[in-house]
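Trainee: Pasting a structure here, questions to come.
The values are calculated or read from the model by the stated rules, or taken from the named source; none is laboratory data. As the structure is a prediction and not an experimental result, all values here were calculated from the model. Quick reminder, even Gly has a Cβ in these numbers, built from the backbone with ideal geometry, and neighbours come from all protein chains shown. Note: accessible area is taken over every heavy atom of the protein model, side chains too, but ligands, DNA and RNA are not part of it. Shrake-Rupley method; radii C 1.70, N 1.55, O 1.52, S 1.80 Å.
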Amino acid sequence: MFKPGIVAAITGALFSFQAHAQEADEKRAFIEANILAVFYHELGHAVIDVMEVPIFGQEEDAADVMSVLLIDWLYEEDTAQAIAMDSAFGYINDPDRELEVAYWGVHGPDEQRFFNHVCLFYGANPDLRDELASSLGLPDDRAETCPEEYELAADSWGYIFDEADNLDTKVSMVFSPGGSGEDAAIANDLLANEVEQMNKDFKLPQQVSVSVESCGEANAFYDPEDVSIVFCSEFVTHLDDMYERYWR
């Protein structure tokens, strides 16, 4: 028979292992949610380019909007909420506000992108997402307009997707794995599956290439000259570091 002290030690070790496993799962979910959200954002740029979508305002904002819409449209409610929450925090690169805000940049300030993301996702289904919006600090004054903001965004992008669906010539996306190491493997596995699934229902008038590459920096971008989306494997390391520093 085990002595009580040994039993306590074993039980403590088991709880420690379970907590570590749960934390590992939560970190992986955070990383994957942000890979997907970033991919949808870059896909927004690709759609704008190959569909010749007129944009009245910042193209980066339009791509952010499409990313939220795809999270809402492609997933069951529980999964959509988990992805939306994790990817909202992906916008907060400087939570301690140690860096100067680049108001001159093409992207809006992190906090504004965060709340736009939350508002749009909440506005798609306020009854089911009120708790999520509250937990993420969406102010009541902004929440009142979110359903209308969502409807406008869904109508605008919905029209573009309908146009793509009715094209005479429709081409699938092509995925090319790349990079090396565990970070690249995470991105390769996730994006390969995502491209495969999206190709079943969504095609464009021109082939868009999607690849994972080692870029020497944490980045993801759409290249209109090559009609390609590049996801840098270093971005996975950035997301891992972000989780460890701020969200664990």
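Trainee: What is the calculated FRET efficiency for Ala29 to Asp168, with r their C-beta to C-beta distance and R₀ = 41 Å, to the nearest 0.05? Don't skip to the end; give the middle numbers.
Mentor: On the way: r = 40 Å, r/R0 = 0.98.
Rounded to the nearest 0.05, the efficiency is 0.55.
Trainee: With the Cα gyration tensor of the stretch 106-248 giving a ≥ b ≥ c as the square roots of its eigenvalues, does the rule (a/c under 1.5 for rounded; else a/b larger than b/c for prolate; else oblate) give rounded, prolate or oblate? Before the final figure, lay out each step's value.
Mentor: Details: a/c = 2.26, a/b = 1.20, b/c = 1.88.
Cα axes put the stretch 106-248 in the oblate bin.
Trainee: Let me ask another. What aspartates and glutamates sit close enough to Lys170 to cross-link, taking a C-alpha to C-alpha distance under 16 Å and skipping anything fewer than 8 places away on the same chain?
Mentor: Reachable aspartates and glutamates: Asp49, Glu52, Asp162, Glu196, Asp201.
Trainee: Further, regarding this structure: Given a Förster radius of 30 Å and the C-beta distance between Glu52 and Arg245 as r, what FRET efficiency does 1/(1 + (r/R0)^6) yield to the nearest 0.05? Before the final figure, lay out the partial values.
Mentor: Details: r = 41 Å, r/R0 = 1.36.
The calculated FRET efficiency here is 0.15.
Trainee: Let me check I've understood the local charge: for Glu225, count other residues with C-beta under 15 angstrom from its C-beta, Lys and Arg +1, Asp and Glu -1. What total comes out? Please report the intermediate quantities before stating the final value.
Mentor: Numbers: positive: none; negative: Glu42, Asp49, Asp223, Asp226.
Neighbourhood net charge equals -4.
Trainee: Using the Cβ atoms and a cut-off under 10 Å, what net charge is assigned to the surroundings of Ala80, where Lys and Arg are +1 and Asp and Glu are -1?
Mentor: On the way: positive: Arg129; negative: Asp72, Glu76, Glu77, Asp78.
Local net charge: -3.
Trainee: Percent of accessible area on the stretch 105-248 owned by carbon and sulfur, 1.4 Å probe?
Mentor: Working: 3390 of 7660 Å².
In the stretch 105-248, the share of accessible area belonging to carbon and sulfur is 44 percent.
Trainee: OK, next. In the neighborhood of Asp189, defined by Cβ-to-Cβ distances under 15 Å, what is the net charge if each Lys or Arg adds +1 and each Asp or Glu adds -1?
Mentor: Working: positive: Arg28; negative: Glu32, Glu182, Asp183, Glu194, Glu196.
Residues near Asp189 contribute -4 overall.
Trainee: What is the spin-label model distance, in nm, from Glu59 to Ser209 if the labels are put 7 Å beyond Cα along the C-beta direction?
Mentor: In this crude label model, Glu59 to Ser209 measures out at 1.9 nm.
Trainee: Check cross-link reach from Lys200 to the aspartates and glutamates: straight Cα distance under 14 Å, and skip same-chain residues fewer than eight apart.
Mentor: List returned: Asp165.
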